[in-house]
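Presented below is the structure to which this report refers.
The values are calculated or read from the model by the stated rules, or taken from the named source; none is laboratory data. Computed from a predicted model, the values in this text were never measured in an experiment. Because the Cβ atoms are built from the backbone with ideal geometry, glycine has one as well, and the counts that use them run over all protein chains shown.
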Amino acid sequence: MSTKPESATIKAMAAVAGVTVSNEVAARIANSIGPAFEGFAPIAGSLPFDLEPASFVVVQNAKAAS
């Protein structure tokens, strides 16, 4: 996601995380984090995937199993 999130997207993400938010709260969250998404829009999709933090656990588990 490289564009400003909509309140419906925020509400869905919160629901997946097990947190219930009202439409008003979802709209406030979207408005507050929107500028950050817009700021990163010019470089969206250009960052290397090796910086993705979930891979850290995979690498650590592989080292521990060795």
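Observations on the model:
- Residue count for region 33-60 under the criterion of being modelled with pLDDT of 70 or more, surrounded by 10 or more Cβ atoms within 10 Å (Cβ to Cβ) and polar (S, T, N, Q): the result is 1.
- Listed by first and then second residue, the pairs with beta-carbon distance under 7 Å, at least 6 apart or on different chains, first residue in region 1-24 and closer than 28 Å to SER46 by Cβ, second in a helix (DSSP H, G or I) and among the polar types (S, T, N, Q), are SER7/ASN23.
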